[in-house]
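A quick write-up on the structure given underneath.
Throughout, read-outs are computed from the coordinates displayed, never taken from laboratory work. All of these numbers come straight from a predicted model, not from anything done at the bench. Reconstructed Cβ throughout: ideal geometry from the backbone, glycine too, with neighbour counts over all protein chains shown.
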Amino acid sequence: MTKYLISFPSAAMDVPEGELQAVADAAHAVVQEAKDAGVWVFGGGIDESIPPVVVHGDGTVQEGTYPQTAQLEGGYSVLELPSYEAALEWAAKIAVACRCAQEVRAFQYDPAS
């Protein structure tokens, strides 16, 4: 089976303040459904209050990010699924719960892991 990253940037969620709890409840219900189905691997949101750093091989820590990932934030789910079509189905469930479109990417298979 393949692991899929299903994600969205923070800016994609345009939910009125009074509806945040309903979105959280819906998202938690989808997470529980994925756990019950045995496809949940990991998920969560990036803590945007902690600034990112880049750590080099010599241990040097540099504030900031790679230029291509300056906007890495939002919510992420990793699911292990039998097909790309199944990933699209789960992404649709998450999109409904979070009220925003989801991006789907497949992890490359690594036989050593």
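Report summary: the helix-based calculation at 222 nm, which adds -39500 (n - 2.57) for every DSSP H run with n ≥ 4 and divides by the residues of the chain, gives -9500 deg cm²/dmol.
Along the axis of the charge dipole computed for segment 1-78 (Cβ charges of +1 for Lys and Arg, -1 for Asp and Glu, origin at the Cα centre), the listed residues 68, 18, 46 are led at the positive end by 68. Taking the Cα centre of the chain as reference, the dipole from Cβ charges on Lys and Arg (+1) and Asp and Glu (-1) amounts to some 260 debye. Per residue, the convex hull spanned by the Cα atoms of the chain measures out at 130 cubic angstrom. Normalising the average separation of contacting C-alpha pairs (under 8 angstrom, six or more residues apart) by the number of residues puts the relative contact order of the chain at 50 percent.
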